[in-house]
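As structure tokens, the structure follows; a few thoughts come after it.
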Amino acid sequence: MDQQTQCMGILYVDVCNSVRLYEVLGDTEAHRLIHDCLHLLVDITHRHGGTVIRTQGDGVMSVFPTADATYDAATEMQHAHRQGPLAITAGFNYGAVIADEGDVYGDAVNLAARVAALARPSEILLTGETVQSLSSNLRKTLRLFDTTTVRGRRRPVEIYAVQTGPDPQNTYVPSAPPRAAGTPRPAALTLTHEGGVYRMGDRVQSIVIGRDERCDLIISSYFASRRHAVVEK
């Protein structure tokens, strides 16, 4: 088995509300739009020196040799869909991965998937760890989006958003600052589904819901999108 460890940018891009598209537009038109969208995403990946790891129905996972190339590809993908009929979400991380037989594995890959799941339509999110690997001119386009806890990480993760221009569709509400000593503990939200219990409180500040296996609460139904919703504290 040929395994290599190297630093890469891992980018996840998904078409928003794809299940709804089939309902509203019909199978033929929705399939055509999503097919054309994925084809464009693959082309942009290749133009920036990236490699497509997989396409998954309504999304693309790809890797890039540098953080800058990942950023450039993600921003071009979003710009290409600004005025189109479809909206996409994008999230990426840059870090060490294990490359093996055409796929990539590791903590950096898992973190990229978690960050991508938090992105809203027409949004690009990335980790604070990735910011340090970007060129200084690209870092100027970022703003701190949130500091939150993601599954698999004990410490909070800084998440940044790419500022590509004003977007009236999104309202950003950062997590509340840490409580002062002696402050009463706020109530926690508990979700239950098919015997599972998912609790959101001080340590867990968001729960990703959908049918994708990377979600925190997995809904095994085709009526749910791959990343259907994010419940945030």
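We did not get these values from a lab; they are worked out from the coordinates using the rules stated. Because the structure is a prediction, the values reported are computed rather than measured. Please note: Cβ atoms are built from the backbone with ideal geometry, for glycine as well, and neighbour counts cover all protein chains shown.
Computed values, structure above
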read-out	value
Contour minus Cα-Cα distance for K140 and S220 (0.36 nm per residue)	24.7 nm
Fewest-first sequence of R54, R211, R153 by Cβ atoms within 10 Å of each Cβ	R54, R153, R211
Placed amide H near E123: partners under 5 Å, 5+ positions off or other chain	A90
Around S135: net Lys/Arg minus Asp/Glu count, Cβ-Cβ under 11 Å	0
Highest to lowest packing among 112-124, 89-101, scored as the average C-beta count within 10 Å	112-124, 89-101
Whether segment 18-57 is rounded, prolate or oblate, judged on the alpha carbon gyration tensor where a/c under 1.5 counts as rounded	prolate
FRET efficiency, 1/(1 + (r/R0)^6) with R0 22 Å, evaluated for E232 and Q163 via beta carbons	0.65
Extension gain (nm, one decimal) between D103 and R155, 0.36 nm per residue minus Cα-Cα	16.0 nm
